[in-house]
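For reference, the structure discussed in these notes is given below.
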């Protein structure tokens, strides 16, 4: 884990949602628990709201059921996979990620 001081923001980096922490022109990747939206938990919650099974989602996005359980444990996800999941669950997870980014950037800007 990298320990630095500075201003941070969520970014899309190589297809992954990550936390970028900026200090003196040096960029490191860090995921502070207080600002990150745990995307896997969010996907699982939406699936439960729809009263659908992991097997149903696996069939919709054309993957193995065991991969769905792995997705539930992920704090970050490939954007292409997230787009497929969003379509299957009829929910735009990108909006929630944008809101989390806005909130984290607002908080970081006031602390800087």
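Observations on the model:
- Positions within the range 84-112 being over 9 Å from residue 39 (Cα atoms), at pLDDT 90 or above and surrounded by 13 or more Cβ atoms within 10 Å (Cβ to Cβ), in sequence order: 84, 85, 86, 88, 89, 91, 92, 94
- With respect to (1) exposed (fewer than 13 other Cβ atoms within 10 Å of the Cβ); (2) within 22 Å of residue 100 (Cβ to Cβ), the lone exception for residue 79 is condition (1).
- Of all residues making up the range 49-60, the number that are surrounded by 16 or more Cβ atoms within 10 Å (Cβ to Cβ) and in contact (Cβ under 8 Å) with a residue 24 or more places away in the chain: 1
- Sole residue being at pLDDT 80 or above, surrounded by 12 or more Cβ atoms within 10 Å (Cβ to Cβ) and farther than 17 Å from residue 83 by Cβ, chosen from 46, 65, 31: 65
- Whenever a residue of the range 69-87 is over 18 Å from residue 53 (Cα atoms), its partners that are modelled with pLDDT under 95 and part of a loop (DSSP other than H, G, I, E, B), lying with C-beta atoms within less than 7 angstrom and at least six residues away or across chains, give the pairs 75/31; 75/36; 75/38; 78/15; 79/15; 80/15.
The values are calculated or read from the model by the stated rules, or taken from the named source; none is laboratory data. Bear in mind the structure is a predicted one, so any value in this text is a computation, not a measurement. Don't worry about glycine lacking a Cβ; one is built from the backbone with ideal geometry, like all the others, and counts go over all protein chains shown.
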